[in-house]
Amino acid sequence: MSQDENALQVEELVKVYPAKAGRGAPVRAVDGMSFAVRRGEIFGLLGPNGAGKTTLLKILTTLLRPTSGRARVLGCDVVAQPLEVRRRISMVIQESAAEMFLTARDNLLTYARFHYLAAAEARRRAAVVMEKFHLTPEADRKVQDLSGGFRRRVQVAKVFMVDTPVVFLDEFSTGMDPILKRAVMGYLREEAASGRTIVLTTQVLSEAEELCDDILIMNQGKEVARGDLYALKLLSRGLYEITMTFDQLPARIEAELARLQPVRVHIEDNTVELALKAEEAEVLERVSALARLGHVLKVEVSGASLEDIFIELLRGPEAKS
Amino acid sequence: MAALLAVLYREGKIRFTNLVWMFFDLFYPLLYFLLFGVMMDYTFGSPLAALGVDYTAFFLAGVLGMAGFGIATNTAWGFFFDRDNGIFYEMLTYPMSRAQFLLGKVVFNLLLAVAQAALTVGLGVLLLHVPVKLERLPLLLAAVVGGAAGWFFFFAIFALKIRRNDLFNTVVNVFYFVFLFASSMFYPLEPLPGWFRAAAQLNPLTWHVDVLRFATIGVGDPWRILLEAAAFVVFSLAAFAYAVRTLQRQE
């Protein structure tokens, strides 16, 4: 793939936070990451808390300088050409960042102004974006008077005001209701289809599963796995997700589940969800054993979800050590 | 230029759509002048009566100094608040350099300071007949602009460095108390005890107010005023350099 086709090009990127005076050791938040992201892709950065996702995003958006290595956004170096990078990006940061003293409408107009949009065009777009995000009734209320969910809407809505070719979203759906979240995911797909590159981090793995063309899983500043959903599922061959609903939860279920050593288990009401890593025949045997514990109303056995793969991949190094 | 205008637009929108903030920026010092200045003059007379200067005329420079100081603390508080709620970091990803961001903030601060000074001096002349020396208006303009810039850079350092809201508020309140009262803002320094006078003469607000007083009513030794003006310029440049460095290190 030529570099011209890439929206992002990251090479041997390292970020070390120095130790605080007299306390602790330096932290290698990003530890030699290299990857490229194609234009028009929805790229997901996944990892547990403290994996280095936000630090990586901050470097790519010129908020942080890397300790070493290179990162380019549409060919512009984040250290040598920060202003050129900023002209090509828009960013939703993790914190709920909005202009508290301005109205929802003025938030959008001010953002547009910073991105050199003409006033008339900004007003036109603001009306469309507010409609999309169900903000029209709140348009003239100051953001400080809005709820946390609405503040987040205003913040995310801003990136739809402009046409920057690359959009960074750091956990964009935090605080959004499921209906709006689904709608925003649709808008993001439309933006990607029109050629914008979307780079997002999320803790909601189903969101990444549904949205991302390409996923990079990182932990402790390093790449753990990379690929589309199909490729990641191949990495976790032999991992199965089982859902069983009983008419009444059997008394011995927890002891039996512990014996099976599942990758993940979740019990809610009469339903047990678990992920097992085993050969297909063995999985079916174990399902039968569980089924004998009580009266089963429903059983589902399927390939692993992204959440299972994520847990399996991140558990790997710990298990080995 | 477009980035600078965008920062001015943003600052203007925030200030002009918040009447309480506007009141504090534009009218609070003026009311202080009209109430405190007139009452002090009525009650105690003027410390410079021998020179034919009443207290309101003496206090005009103090009010202008207080206004520049106050606008700078309000802007710095805005800076702190922006960082606290995250918008500051989002703004650092906008298509502008950090120098343009800081410059936009300070230019807005200066426009506000000039508007406030024009209002205060104008009403001082019209209502209280303060004998303002019109030929020194260019010097007054320079003193207002230089003072507001210097104080803005000074407070921006603390707004950028301090992470805790309670600590920032405490620092600003202590500065208010120390800088305002250990200065020539409310009273002339000459009759005061030597140790206090020495402390006040090291205070940049004294330098600023003395220049403003020379520029408004002509009181002060020109050579001493020149020295104080030079000292304030050095203070402002040092604060500017440190503020830019602090902003560039924001991560």
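The values are calculated or read from the model by the stated rules, or taken from the named source; none is laboratory data. Just so you know, these numbers come straight off a predicted model, no measurement behind them. Quick reminder, even Gly has a Cβ in these numbers, built from the backbone with ideal geometry, and neighbours come from all protein chains shown. The protein model used for the area step is the full one, side chains on, heavy atoms only, and it has no ligands, DNA or RNA in it. Shrake-Rupley method; radii C 1.70, N 1.55, O 1.52, S 1.80 Å.
Of the listed requirements (1) under 23 Å from residue A:93 (Cβ atoms); (2) of a type in the set (A, V, I, L, M); (3) more than 13 Å from the chain's Cα centre (by Cα); (4) open to solvent by 40 Å² or more (accessible area, probe 1.4 Å), residue A:204 misses just one: (3). I want to confirm something. Restricting to the range B:10-28 and keeping residues that are at the interface with another protein chain (Cβ under 9 Å from one of its Cβ atoms) and buried (at least 19 other Cβ atoms within 10 Å of the Cβ), which single residue is modelled with the highest pLDDT? Result: B:10. Looking only at the range B:35-46, decide whether some residue is within 14 Å of another protein chain (Cβ to nearest Cβ), open to solvent by 10 Å² or more (accessible area, probe 1.4 Å), more than 15 Å from residue B:145 (Cα to Cα) and among the acidic types (Asp, Glu). So far as the range B:35-46 goes, no, none of its residues is within 14 Å of another protein chain (Cβ to nearest Cβ), open to solvent by 10 Å² or more (accessible area, probe 1.4 Å), more than 15 Å from residue B:145 (Cα to Cα) and among the acidic types (Asp, Glu).
Across the range A:83-92, the qualifying residues are those that are open to solvent by less than 10 Å² (accessible area, probe 1.4 Å) and over 12 Å from residue A:157 (Cα atoms), and the one among them that is nearest to the other protein chains (Cβ to nearest Cβ) is A:89.
Among the conditions (1) within 26 Å of residue A:231 (Cβ to Cβ); (2) open to solvent by less than 80 Å² (accessible area, probe 1.4 Å); (3) outside any helix (DSSP H, G or I), the only one that residue A:300 does not satisfy is (2). Run down A:313, A:297, A:293 and say which single residue is within 34 Å of the chain's Cα centre (by Cα) and of a type outside the set (Gly, Ala, Ser). Checking each option against the conditions leaves just A:313.
Scan the range A:101-151 for residues that are within 11 Å of chain B (Cβ to nearest Cβ) and among the aromatic types (Phe, Trp, Tyr) and the total you get is 4.
Yes/no matrix, rows are residues, columns are (1) open to solvent by 10 Å² or more (accessible area, probe 1.4 Å); (2) within 22 Å of residue A:9 (Cα to Cα); (3) basic (Lys, Arg):
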site: A:162; (1), (2), (3): no, no, no
site: A:171; (1), (2), (3): yes, yes, no
site: A:185; (1), (2), (3): no, no, no
site: A:195; (1), (2), (3): yes, yes, no
site: A:212; (1), (2), (3): yes, yes, no
site: A:222; (1), (2), (3): yes, yes, yes
site: A:230; (1), (2), (3): yes, no, no
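Residues that are under 18 Å from residue B:62 (Cβ atoms) and surrounded by fewer than 12 Cβ atoms within 10 Å (Cβ to Cβ) within the range B:145-195 comprise B:177, B:190, B:191, listed in sequence order.
The set of residues in the range B:54-93 being among the polar types (S, T, N, Q) and within 14 Å of chain A (Cβ to nearest Cβ) consists of B:74, B:75, B:85, B:93.
In this structure, does residue A:103 turn out to be surrounded by fewer than 24 Cβ atoms within 10 Å (Cβ to Cβ), β-branched (Val, Ile, Thr) and touching a helix residue (DSSP H, G or I) at 6+ places or on another chain (Cβ under 6 Å)? Spelling it out, it is not the case that residue A:103 is surrounded by fewer than 24 Cβ atoms within 10 Å (Cβ to Cβ), β-branched (Val, Ile, Thr) and touching a helix residue (DSSP H, G or I) at 6+ places or on another chain (Cβ under 6 Å). Does residue A:138 meet the test of being at pLDDT 90 or above and buried (at least 16 other Cβ atoms within 10 Å of the Cβ)? For residue A:138, the condition - at pLDDT 90 or above and buried (at least 16 other Cβ atoms within 10 Å of the Cβ) - is met.
Go through the range B:1-58 and give me each residue that's touching a residue at least 12 places away in the same chain (Cβ under 8 Å) and of a type in the set (S, T, N, Q). Correct list: B:46, B:56. The set of residues from the range A:61-82 being more than 7 Å from chain B (Cβ to nearest Cβ), among the polar types (S, T, N, Q) and closer than 17 Å to residue A:6 by Cβ comprises just one member, A:81. The set of residues from the range A:249-266 being surrounded by fewer than 14 Cβ atoms within 10 Å (Cβ to Cβ) and either touching a helix residue (DSSP H, G or I) at 6+ places or on another chain (Cβ under 8 Å) or closer than 16 Å to residue A:289 by Cα (or both) comprises A:251, A:252, A:254, A:255, A:258, A:259, A:261. Residue-level analysis places residue A:39 outside the set of residues that are more than 10 Å from chain B (Cβ to nearest Cβ), modelled with pLDDT of 95 or more and surrounded by fewer than 20 Cβ atoms within 10 Å (Cβ to Cβ). It is to be established whether one or more residues within the range B:43-59 are among the hydroxyl-bearing types (Ser, Thr, Tyr), within 21 Å of residue B:126 (Cα to Cα), assigned to a helix (DSSP H, G or I) and in contact with an Asp or Glu (Cβ under 9 Å, 6 or more places away or on another chain). Yes, the range B:43-59 has at least one match.
Taken together, A:72, A:65 contain a single residue that is out of contact with any Cys (no Cβ under 7 Å at 6 or more places or on another chain), assigned by TED's automatic domain parsing to the domain that holds residue A:215, touching a residue at least 24 places away in the same chain (Cβ under 8 Å) and open to solvent by 10 Å² or more (accessible area, probe 1.4 Å), which is A:72. Please work out if residue A:51 is within 14 Å of chain B (Cβ to nearest Cβ) and buried (at least 20 other Cβ atoms within 10 Å of the Cβ). In short, no. Among the residues of the range B:219-240, those that are small (Gly, Ala, Ser) and modelled with pLDDT of 90 or more comprise B:229, B:230, B:231, B:236, B:238, B:239.
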